Amino acid sequence: MRPPNLTDADRHHEDLEGVTRAVIGCRACPRLVAWREEVASTKRAAFADETYWGRAVPGFGDPDAGVLVLGLAPAAHGANRTGRMFTGDRSGDWLYASLYRTGFANQPTSRSIDDGLVLTGAWITAPVRCAPPENKPTTEERDACAPFLDAELDLVPWRVIVALGAFAWAGALRHTGWAGRKPRFGHGTETVLPDGRTLLGSYHVSQHNTFTGRLTEPMLDAVFTRARSITAAR
């Protein structure tokens, strides 16, 4: 039972902490549990001396965020190692650098869960909370995670979702009650959701996209700058 003297803000933050605890304790998908724990046990040579997280990864950021950043799933040697979304891998290097340049993060890098990173105005999460083999969760695994994202969408007062990639774009539409023909994903695509809030698309910050130049720093910064301008206008 909650203490009777909690403010509305306290209750809001406590509820998000409850979602975090539920995510961390989840063992609903046998294939994903086995994979995340195998990776955490065998490790990558570069991280042989580290203790891997090896569990489902909760969302992270500002509980009062106006911008919700939606990825795909934790990386096997990134968030599955560090315990924080997009921390410890090259995708995160791109994402957090852009969030820093556009005023959402207090530092441009994220190496570990206790490195001092603080987000202001942004919450980062994913439709799938365990690292999936080959970054390919099944439909059943995605659906098993759905209540966690639904809870975050209810609790975080977001005005804009930035969907990193087509998987996140489809997930955002599914979780926000889109009916009928779905708008097509594309970088910089902007869609008004049924409740009047906004969905923005960005190419995923994957190594393939950033190494090939499909996604550049100015392109990513433009999406977050647009997200900020939408939240500032409300």
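Every read-out reported here was derived from the displayed coordinates using simple, explicitly stated rules and does not represent laboratory data. Because the structure is a prediction, the values reported are computed rather than measured. Note that we place each Cβ from the backbone using ideal geometry, even for glycine, and neighbour counts take in every protein chain shown.
Computed from point charges on the beta carbon alone (+1 for Lys and Arg, -1 for Asp and Glu), the dipole magnitude for the stretch 55-134 about its Cα centre is near 140 Debye.
Tell me the relative contact order for the stretch 77-147 as a rounded percent, counting alpha carbon contacts under 8 Å between residues six or more apart.
22 percent
When you count the other C-beta atoms within 10 angstrom of each residue and take the mean per peptide, 225-232, 182-189, 159-166 line up highest first as 159-166, 225-232, 182-189. Using Cα-Cα distances under 8 Å and only pairs 6 or more residues apart, what relative contact order does the stretch 8-233 have, in percent? Relative contact order for the stretch 8-233 comes out at 21 percent.
Across the stretch 108-117, rounded Karplus estimates of 3J(HN,Hα) from the backbone phi angles (6.51 cos²θ - 1.76 cosθ + 1.60, θ = phi - 60°) give x, 10, 9, 9, 8, 5, 10, 8, x, 5 Hz, Gly and Pro being marked x. Computed per residue of the chain from DSSP H runs no shorter than four, each worth -39500 (n - 2.57), the mean residue ellipticity at 222 nm is -12500 deg cm²/dmol. Relative to one another, the C-alpha centroids of the stretch 84-134 and the stretch 165-234 are positioned 17 Å apart.
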